[in-house]
1. Please list, in order along region 53-66, the HN-Hα scalar couplings obtained from phi with the Karplus expression 6.51 cos²θ - 1.76 cosθ + 1.60 (θ = phi - 60°), rounded to whole Hz, x for Gly and Pro.
2. Provide the FRET efficiency to the nearest 0.05 for the Arg120-Glu51 pair, computing r from the beta carbons and using R0 = 22 Å.
3. Expected output is a single nm value to one decimal: the length gained when fully extending between Arg28 and Ser82, i.e. 0.36 nm times separation in residues minus the C-alpha distance. What is it?
4. Find the eigenvalues of the gyration tensor of the Cα atoms of region 57-125, then list the square roots of 5 times those eigenvalues as equivalent ellipsoid semi-axes, largest first, in whole angstrom.
5. Gain in length, Lys112 to Ala17, computed as 0.36 nm per residue apart minus the alpha-carbon separation, to one decimal in nm?
Amino acid sequence: MPQTKRRRKTKHRGNAAGIVESRGRTGRKPTVAEKNGTTRDPKQTKASRREARLDKPPTWKSALYKSLALAVLMVLVLAVMSKKPTDAIVAFPVVLLIYVPLSYYTDLWVYKRRQRQKARQTQRAR
């Protein structure tokens, strides 16, 4: 009867401490960027990476992350300043409910303003 469990194709090599070590690279040689741990384009400057990041439209996900950070900070401040720390925990969802749309629409306003400025600059250049 055939065996039901698939056998492994490569051998695990354990050392004296019992830790299994992988065999390592067996394919092509890694590039210089892969060896250094940087996968970015070396020609791309810090300013151009910033430009690329600012040209992306805002998302609700990014607004949520920013709002979570601010809401946690607000809860910590309220917990320290308030006589009842439970009030701070109750305020968390309320603060989050206010901060998420506020953060998104603020980012959207900044993004649209930046796009208008870029459009004006390209029209002037013509």
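No lab work stands behind these numbers, since they all come straight from the coordinates. This one's a predicted model, so the numbers in the text were calculated from it and none came from an experiment. Virtual Cβ from ideal backbone geometry, glycine too; neighbours counted across all protein chains shown.
1. Those phi angles translate into 5, 6, 7, 7, x, x, 10, 5, 5, 5, 5, 5, 5, 4 Hz.
2. 0.85
3. Gain on stretching Arg28 to Ser82: 13.4 nm.
4. In descending order, the three semi-axes are 36, 10, 7 Å.
5. In short, 28.3 nm is gained.
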